[in-house]
Amino acid sequence: MKTTKKILAILIAVITVFGIMSVAVSADDKPVYVIAGNIDIIINTPIAGQKPSIDYVASSENVTVTAFTWYDTKTNGIVSAADSDYVYEDEYTAKISIAPKDGYKLDDSLTVTVNGQNPSSVRIQDGTLTVEMTFSCDKGSSSNSFFAGFKTVLLNLLKIIRDIISHIFGF
């Protein structure tokens, strides 16, 4: 009888320990939200005589741009704002990598557009999505400068609206 009580006590102790462990593991698990649908990334396109810009606005607050680089398609060299201006009629490729913020993951059917257009290349590797889009450099006439300025103001306005919405809803 004593042995039965000891075995029963050990069995209850083991069951209790496993029960506590499973609750502890469950308490540490955080929900992971899936980002689905389409994400549009708005960028400044090349305009002759201007410096490359890596300013952007993403249509989702749940992703972060982890890398943004401009390449000259002739030389495949990096075009940086520090040492070069865009040249009229040259083509430039924007390579943009985005990753989900903590607590989010990218859906397999997620689509990405750049300035509302489908990019020329989309790759997913280790949870990071990389897109490439090639643009011809605009002339940079006074009318284009107006639209570039208008676009910059619009991008800044969208950033402000995004910040207000994220502040209100706590994103």
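None of the figures in this text is laboratory data; all of them are computed from the coordinates on show. All values reported here derive from a predicted model rather than from experimental measurement. Ideal geometry is used to build each Cβ from the backbone, glycine not excepted, and the neighbour counts take in all protein chains shown.
Details
- Pairs with C-alpha atoms separated by more than 18 Å, drawn from the list Lys95/Lys159; Lys51/Lys159; Lys74/Lys95; Lys95/Lys139; Lys51/Lys151, are Lys95/Lys159; Lys51/Lys159; Lys95/Lys139.
- For the range 91-114, backbone nitrogen atoms closer than 17 Å to the point 7 Å from Thr134 Cα along Cα-to-C-beta are found at 91-96, 114.
- Taking 19 Å as the cut-off, the amide N atoms of the range 90-104 that come nearer than this to a point 7 Å along the Cα-to-beta-carbon line of Glu61 belong to 99-104.
- Net charge of the neighbourhood of His167, taken over other residues with C-beta under 14 Å away and scored Lys/Arg +1, Asp/Glu -1, is 0.
- Shape class of the range 37-90 from the alpha-carbon gyration tensor: prolate, with a/c at 1.5 or above and a/b greater than b/c.
- Anisotropy class of the range 38-171 from Cα gyration tensor, a/c 1.5 cut: oblate
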